[in-house]
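The next block holds one structure in the form of structure tokens; read it before the comments.
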Amino acid sequence: MTTENTLNHIAIIMDGNGRWAQERGLQRTEGHRQGANNILTIAQAAIENGIKFLTLYAFSTENWKRPPSEIAALMSLAASFSTEHLDQLNQNDIKVQVIGRIDDVPFSTRNSILNAVKKTKNNRALTLTLAISYGGRAEIVDAVNKILSQPRPSKRLTESDFADFLYQPDLPDPDLLIRTGGDHRISNFLLWQIAYAEIYVTPTYWPDFSPQDLEKAISDFNSRTRRFGALK
Ligand code: FPP
């Protein structure tokens, strides 16, 4: 059965950069570089397909366990994405925001990213949320700690009250979660927000993920019946 599904927000686990590089005899960091280069292409394709929110898993709380050289390369790519693509982000009317423990990110990278956030804050075509030093469990724990640091609430919290303490409370839940690179795992991404997301896994590695692949994922989403736990 086919129904009209509203697709407002796509979240992507950009996996497979390392394998993309290794299969070509290249350093893993070259895969990350190609992956970073793909972000704007996919953001533009998202806009062309009427998507208003795109959230990308750029660096997880667990990625700090990678070798220092790979961490440094990823931090440097995040910084150069935020500086070198700033004009293009503005030309495409893309607003950048971040989720994650941004205070753990080295100063220069953090500065570059927060500068892009500031310089793109009035853009409206697409909200591009970069998850950096992000973990779904960390986000929930950070929300609980924010709640505990406030005067004791006078009533029991609802789900919606709780969600107000997440990193970006105005970000709607993703409708579609795409994972590239073929693994069927959530990897600690948006644990609270993906409760009812449709999941789409493609074997394509992130550096090869094209606007056509995005359209395939969207048409797969459009063929799903979303019930949100109800009977329809
Ligand atoms: C997973 O591939 C990908 C990452 C850990 C990093 C994703 C980062 C980028 C695409 C670019 C940097 C970010 C910005 C904001 C410009 P993997 O290394 O786990 O791949 P593998 O599973 O093939 O080893």
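For Arg137 and Arg19, a Förster radius of 30 Å and the Cβ-Cβ distance give a FRET efficiency of 0.70, rounded to the nearest 0.05.
Per-residue ellipticity at 222 nm from helix content only, as computed over the chain with -39500 (n - 2.57) for each DSSP H run of at least four residues, stands at -12500 deg cm²/dmol. Look at the alpha carbon pairs under 8 Å that are at least 6 residues apart: their mean separation over the length of the chain gives a relative contact order of 31 percent.
Largest accessible area first, the listed residues Thr29, Thr6 line up as Thr6, Thr29 when surface is computed with a 1.4 Å probe on the assembled protein chains.
Please identify which residues in the stretch 122-153 have an amide N closer than 11 Å to a label point set 7 Å out from the Cα of Asp161, following the Cα→Cβ vector. Only 152-153 fall inside the zone, counting backbone N under 11 Å.
Put Trp206, Trp20, Trp64 in order of accessible area, highest first, and with a 1.4 Å probe you get Trp64, Trp20, Trp206. Note on Phe107: accessible area approximately 130 square angstrom, rounded to 10, probe 1.4 Å, nucleic acids and ligands left out. Only protein heavy atoms count here; on that basis, with a 1.4 Å probe, Asp103 has an accessible area of about 120 Å².
Taking one quarter of the surface of the convex hull spanned by the alpha-carbon atoms of the chain gives a direction-averaged projected area of 14.1 nm². R0 = 35 Å: FRET efficiency of Arg224 with Val144, Cβ-based, nearest 0.05? According to the calculation, E is roughly 0.60. Distance from a point 7 Å along Cα→Cβ of Trp64 to each backbone N in the stretch 189-232: keep the residues under 17 Å and list them by number. Flagged as within label range: 189. Rounded to the nearest 0.05, what FRET efficiency do Asn111 and Leu231 have when you use their Cβ-Cβ distance and R0 = 41 Å? Calculated value: 0.20. Taking θ as phi - 60° and the Karplus parameters 6.51, -1.76 and 1.60, the scalar couplings of the stretch 64-80 work out to 4, 7, 6, x, x, 5, 6, 4, 4, 5, 5, 5, 5, 5, 5, 5, 6 Hz in sequence order, x denoting glycine and proline.
Can you give me the solvent accessible area of Val141 with a 1.4 Å probe, rounded to the nearest 10 Å²? Ignoring ligands and nucleic acids, Val141 comes out at about 70 Å².
The amide H of Val201, built 1.01 Å from its N in the peptide plane, has Arg179 as neighbours under 5 Å, considering only residues 5 or more places off or on other chains. Taking each of Lys121/Lys216; Lys52/Lys146; Lys52/Lys118; Lys65/Lys121 in turn, the alpha-carbon distance tops 25 angstrom for Lys121/Lys216; Lys52/Lys146; Lys65/Lys121. Along the stretch 176-189 the Karplus relation, 6.51 cos²θ - 1.76 cosθ + 1.60 evaluated at θ = phi - 60°, assigns HN-Hα couplings of 9, 10, 9, 10, 8, x, x, 7, 9, 9, 8, 6, 6, 9 Hz to successive residues, with x for each Gly and Pro.
The values are calculated or read from the model by the stated rules, or taken from the named source; none is laboratory data. A quick note: this is a predicted structure, and the numbers were derived from the prediction, not measured. Reconstructed Cβ throughout: ideal geometry from the backbone, glycine too, with neighbour counts over all protein chains shown. Surface accessibility is based on the protein's heavy atoms, side chains included, excluding ligands, DNA and RNA. Shrake-Rupley method; radii C 1.70, N 1.55, O 1.52, S 1.80 Å.
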